[in-house]
Every structure is written in C-alpha cells, then in structure tokens.
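Participant: Input: one structure, supplied below.
The numbers here are math on the coordinates, done by the rules we state, and not lab data. Note that this is a predicted model, so its numbers are computed, not measured. Quick reminder, even Gly has a Cβ in these numbers, built from the backbone with ideal geometry, and neighbours come from all protein chains shown.
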Amino acid sequence: MNAPIGQWGRRLSDALREALGAGDLAAARALVTQGDGQARNLASEYAFMVRGLGITVRVLMDLLAETADRLAPEKSDAARDDAVGLVRRFAYDIARLPAGAPSQRASQPPPSGDRPEAPSRQGGGLAEAIAGARAALDECSAWFEQAQGGIADDIVRAIDAGDRVGAAALVDTKELGQYLPLHDRLIRFMAESFAWALRHGGSDGLLRFQLGAAQGQRQGFEKWERMPAAQFAWTSAFLLKQHMGRVSVREDEARFTIEQSPCGSGGRLRLLGAYEGPDALPFVETPGPLTFGQPRLPVYCSHCPIWNASATLRWFGRAHWVFERPARADGGCTLHVYKRREDTPEDFVRQVSLEARER
C-alpha cells in the first residue's frame, strides 16, 4: 500500500505506458521488473485475476451439474443438454485462444502439438464436457503465464535498446492481445452460467446458484474479512481495475469509495451489446436481493449483491461492498468499503438481506 490513494486505480501497464511516453526508460524498466507496489512485476500483472476467474469458472461448472441433478426429471434433460452446449462452447473458445493471440519472440504460443485441442462437439454428457473444459482451461492458463512472462522479457529488451515505441506496442500486445480475450471469455462464461440458472430455475433458482457459487469461494471471502478496511479497499481496487475498466478511489472519514466508469466486467458486457440481439443475455426481472431491490438488473451483475453483500452479511454480519447506483446503463458502478461495520446503511442491508426475504 505504498502508492497514494489517487493511484490505486492505475494499472501497472498504464504506469509503464506513462513512463515510456515521458522517456523515462529507467523508471519503465523498474516497473517491468519490480512492479508498482501492487503487481509484483509486469509478467505477473494479471496472473491473480486469471487464477481467480479460473477458480470461479470451475466452481460454476460443478454447480451446473449439481443444479441439473436437482431439477425435476421433466426439466433436467433439457437443462443438462443446454449446459453441455454452454460448457463445450467455452472449452472450444478457450482452446483456440493461444493460437489466435498475437505473439512476439519469447512470447510465442506453445508448438501446435502442445496447444489444448478443442473437445469434440459430439458424444459424451455434461461430466465429460466439464472434464474437457477443465483440461482446456488448465492448458490455456499455463500458456497465458508463459506468454506474459515472455513478452515482459521482450519489453525489457526493447527498453534496453532504447525502443520506446516498440516497448509500448508490446505492452498493448500483452494486455489487449493476450490478456483481454481470455478475461472476456471467462466473464462471458460466468454470465452465460447465470443466464442458464435463471432460464431453468427462475429467480429462485438463480439465487440458489449464486449462493452456491459464493459458498464455493468462501475461503477467499474469509481472507478478505480478516483485512483492515484500508487494506481491503486497496485489494478491492486492485481486483476491480484488472477487469479493464476505469477505477478511481477516494476516502472520507467513514468509508472508501470506488468508482468504476465503466465497470470492466458487467459494465463492459453491457456496453459491448451482450444484452442485445439474438444471443442476448437476460435481465433479472424480479426485485429482491439479486437486483439490490431494483426492478431489473443485468444477469451477470446479479452475483455482486449475493457474493459481496448477502453472503457476507450471513457469514460475517456485514456487507463487504456496499453498492450505490449499481449496474448503471452507462456501464458505471459505485461501491463503498466502510471502515466500521456498524456504519453500513440499514436500507442497503434491507435490500440484500436474505433473512428479511426468508421471514
């Protein structure tokens, strides 16, 4: 937490671009090799996010199978077939990412024989589809870490050669060519899984699905619960800026406020048209904890009130993130980290409380 709060929302890659633009090659090289106080170095800048999203995706795939098993027989087969298609499309896309990513010398994708192969689109059930998707994700994640390390080495070589333009182009390749396609496909799978739960179980089914997903990741939330408020706000900003939106942080006497304009996951999905057209994601149209009490909310965004508020209220007696005007049409979202749990607004607790809903 060495950086001033005004820089908490700045990504390491952006700090590197600024140093290169200013011609400060020594500072640029230090950012690549030593990081910025949050990311350890440029090679590992997005490793935390990819690993975290990978854990989430694995939890969701297991929940697809568990949820399909719980459905009535007349609904289970259709839901299972739908889930098989969802998982196979994801595996196919993930397996193709290394081959399609822009590459530079040391950051070349593995030889074609070592790349994850797309699973067959025919034969096998949901368990087989999930096994194939897990294998594809494991291999793609391994490629990603190797490729990010390789291109970071290329950037150092460009800086040492005095090639500011070439180094900046490599930063773009690292971030926009390698990381962003993987990030966005992981986020889209999450959104499609939530849409599947809503389609086959209604809002009650989606709520159970989101609670199951939160429970499957509870260890991470428990780690956050042990952090002092300032450290948790700093960690939250680090997490949120890795979704590739614009993040700013400010502090007052009672709380830290994190502005996203747009949110780099749910907000960008909406701005990129994910809720429009023939393959549109749905909105949750039942006001309640899934929607922060609002009349409707994009289905992807429905995990935020449950994972970061409803579940943590049940587990720890407080909402980790208190949202203000969430999931706005312009992609923006505002959240607060309160320094004292007793300062959490009561009206927000009522919006997301599961206990109030269950009475």
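Participant: Determine the gain in length on full extension of the stretch residue 253-residue 176; use 0.36 nm per residue of separation and subtract their C-alpha separation, reporting nm with one decimal. Kindly include the intermediate steps, with their values, before the conclusion.
Facilitator: On the way: separation 77, 0.36 × 77 = 27.72 nm, distance 3.76 nm.
Full-extension gain reported as 24.0 nm.
Participant: Setting aside same-chain residues fewer than 8 positions from residue 174, which lysines have a Cα under 28 Å from its Cα?
Facilitator: The reachable lysines, counting only those whose Cα sits under 28 Å from residue 174, are 241.
Participant: Now a separate question. Where Lys and Arg each count +1 and Asp and Glu each count -1, what net charge lies around residue 283 among other residues with Cβ under 14 Å from its Cβ?
Facilitator: So the environment of residue 283 carries a net charge of +2.
Participant: Name the most mobile residue of 179, 338, 275, meaning the one with the largest mean-square fluctuation, in a Gaussian network model of the chain with Cα contacts below 10 Å.
Facilitator: Answer for the Gaussian network model of the chain: 275.
Participant: Set the Förster distance to 41 Å, then compute FRET efficiency between residue 14 and residue 340 from the Cβ-Cβ distance, nearest 0.05.
Facilitator: Working from the Cβ atoms, E equals 0.80.
Participant: Output the Cα-based Rg and Dmax of the chain in Å, rounding Rg to one decimal and Dmax to a whole number.
Facilitator: 21.0, 68
Participant: What's the extension gain from residue 33 to residue 78 if we count 0.36 nm per residue and subtract their Cα-Cα distance?
Facilitator: Numbers: separation 45, 0.36 × 45 = 16.20 nm, distance 5.09 nm.
Using 0.36 nm per residue and subtracting the Cα-Cα distance, I get 11.1 nm.
Participant: Can you quote the Å³ per residue value for the convex hull of the Cα atoms in the stretch 47-215, rounded to an integer?
Facilitator: 102 Å³
Participant: In nm, what is the difference between 0.36 nm times the number of residues separating residue 225 and residue 315 and their Cα-Cα distance? Let's see the in-between values first.
Facilitator: On the way: separation 90, 0.36 × 90 = 32.40 nm, distance 0.98 nm.
This chain segment gains 31.4 nm when fully extended.
Participant: If you don't mind, another one. Counting helices only, and only those DSSP H runs with n ≥ 4, report the 222 nm mean residue ellipticity of the chain as the sum of -39,500 (n - 2.57) divided by its residues, in deg cm²/dmol to the nearest 500.
Facilitator: Estimated from H runs of four or more residues: -18000 deg cm²/dmol.
Participant: For a label point 7 angstrom out from the Cα of residue 62 toward its Cβ, which stretches of the stretch 204-223 have the backbone nitrogen within less than 20 Å?
Facilitator: What the label zone holds, given the 20 Å backbone N cut-off, is 206-223.
Participant: Using alpha-carbon pairs under 8 Å, 6+ residues apart, how would you state the relative contact order of the chain in percent?
Facilitator: That works out to 16 percent.
Participant: Can you find, among 39, 125, 162, the residue sitting farthest towards the positive end of the charge dipole of the chain, where Lys and Arg contribute +1 and Asp and Glu -1 at Cβ?
Facilitator: Ranked along the dipole, the leading option is 39.
Participant: I've got another one for you. If you check each cysteine of the chain for another cysteine whose beta-carbon is under 4.7 Å away, which ones come up empty?
Facilitator: 140, 301, 304
Participant: Sort out for me the Cα centre separation of the stretch 167-185 from the stretch 1-52, rounded to whole Å.
Facilitator: 15 Å
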